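Read through the structure below, which is laid out as C-alpha cells, and then see the notes.
The values are calculated or read from the model by the stated rules, or taken from the named source; none is laboratory data. Source: prediction; values computed, not measured. Positions of Cβ are generated from backbone atoms using ideal geometry, with glycine treated the same way; all protein chains shown enter the neighbour counts. Protein only, heavy atoms only, side chains kept; ligands, DNA and RNA dropped before computing areas. Shrake-Rupley method; radii C 1.70, N 1.55, O 1.52, S 1.80 Å.
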Amino acid sequence: MKRFVLTLLTAVLVLHGMAGARLTGTDTDTLRVLAIGNSFSEDAVEQYLYELAKESGVELIIGNAYRGGQGLESHWREVRSGNSTFAYRKIVGGTKTDTKDQGLRTIIADEPWDVITLQQVSQDSGRPETYEPFLGYLIGYVRALATNPNMKLGFHQTWAYAKDSTHGGFVHYGRDQMVMYTAIVDAVGKAVAAHAELSFVVPSGTAIQNARTTALGDNLTRDGYHLDYGVGRYIAACTWLEAVTGKTAVGRKFRPQGTDEKRAALCQQAAHDAMVSLGETLSPSLY
C-alpha cells in the first residue's frame, strides 16, 4: 500500500504537541463523542464505530449534529440566528435515535462531551479561504457551551471525490482527485495551525486515499462523493476509532455484513496508516 504522508499537517500537529494525543472519557466506562457536520460525518460515525469501539473495550455515546450539505459558514449563520435546524442523531448502547429541528446549543448541552469535532462541507474542504472567520466563531461557541472542562476539540478531515465524480464542487479542483486530496490536507493543516484549540485531527481523507491504492481501488463511494455503505464507511469508522480511543482497528473481528476478512484487513490498515502519517501512533488508551 502506498501510504500518503500529511506533510504540512504532520508538522503542525507536532508543533502543537498533539500527534499522538490520548483522548479519555469523563469516567472509566464511557467516551462521549459529538461530530458537528453533515452527510460526511454521517458516513463516518453513525455506523460501525460503536461496534468497533465495543470490541476494543470502549463504550461510546456518539452524537452527530447533522445538517445535510452544510459547512462552517452555514452552521455559524444558523447558530447566530438561534435557529433549530440540526438533526440530532445519537447512538447509545448501539441504538440510534434521530431528533429533528434541534439547536446546536441544545445538542452540546445534552452530554458532557469528551470529544467534539468540526468539519467543512466537502466541496470547500480544500479551500482555506472558506474556513474563516466561521471556524473561529464556531470554536469559540462550542468551547463556551461545553459542560466538560476536559473536552477535546478536533477537526474531521474529509475525503476527496472519486475520479469520475460528477459533483459540481469538483470543478474547484480541476476534477482531479489528487489535486483535491492535497488541497484538503493543506487546508486542514492551515486551520489547525491557526487554532491551538484544535487538539487532534481525524484523517478520514487520508485513510480513504490510502485504501484507493490497494485492491479496493477507487470504488469506495456510492455516488462519487458519499462513502459506500460497506467498506467506505468502515474505513472512516476505523479511522475514528483510533483517533478518539487510541486503539487500532487492525485485527478487529467486527466488519460490515458482506465484507470478507481480506477486504476488512485492507480497510483497517488504511486507517491505521493514516494515523501513523500524523507523526506517530496514539499512546495506549486508558480503557
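Quick notes
- On the stretch given as segment 174-229, residues that are open to solvent by less than 30 Å² (accessible area, probe 1.4 Å) and assigned to a helix (DSSP H, G or I) total 20.
- A residue that is open to solvent by 10 Å² or more (accessible area, probe 1.4 Å), of a type in the set (A, V, I, L, M) and within 25 Å of Tyr161 (Cβ to Cβ) can be found somewhere in segment 258-272.
- Residue within segment 193-203 that is small (Gly, Ala, Ser) and touching a strand residue (DSSP E or B) at 6+ places or on another chain (Cβ under 7 Å) present: yes
- Elements of type strands (runs of 3 or more DSSP E) contained in segment 68-126, each with 3 or more residues being surrounded by fewer than 16 Cβ atoms within 10 Å (Cβ to Cβ) and either on the phi < 0 side of the Ramachandran plot or under 18 Å from the mean Cα position of the chain (by Cα) (or both): 95-102
- Where a residue in segment 107-122 is of a type in the set (Val, Ile, Thr) and its partner, wherever it lies, is modelled with pLDDT of 95 or more and in a loop (DSSP other than H, G, I, E, B), with Cβ under 7 Å and at least six apart: Ile108/Ala146; Ile116/Ala146; Ile116/Met151; Val121/Asn38; Val121/Gly69; Val121/Gln70; Val121/Gly71
- Conditions (1) farther than 21 Å from Gly154 by Cβ; (2) assigned to a helix (DSSP H, G or I); (3) without any contact (Cβ under 8 Å) to a residue 60 or more places away in the chain: number failed by Tyr50: (1)
- Whichever residue in segment 149-199 is touching a residue at least 40 places away in the same chain (Cβ under 8 Å) and of a type in the set (Asp, Glu) and, among such residues, is farthest from Arg212 (Cα to Cα): Glu197
- Number of the condition not met by Thr26 [criteria: (1) surrounded by fewer than 23 Cβ atoms within 10 Å (Cβ to Cβ); (2) modelled with pLDDT of 95 or more; (3) polar (S, T, N, Q)]: (2)
- Residue within segment 37-57 that is β-branched (Val, Ile, Thr) and at pLDDT 95 or above present: yes
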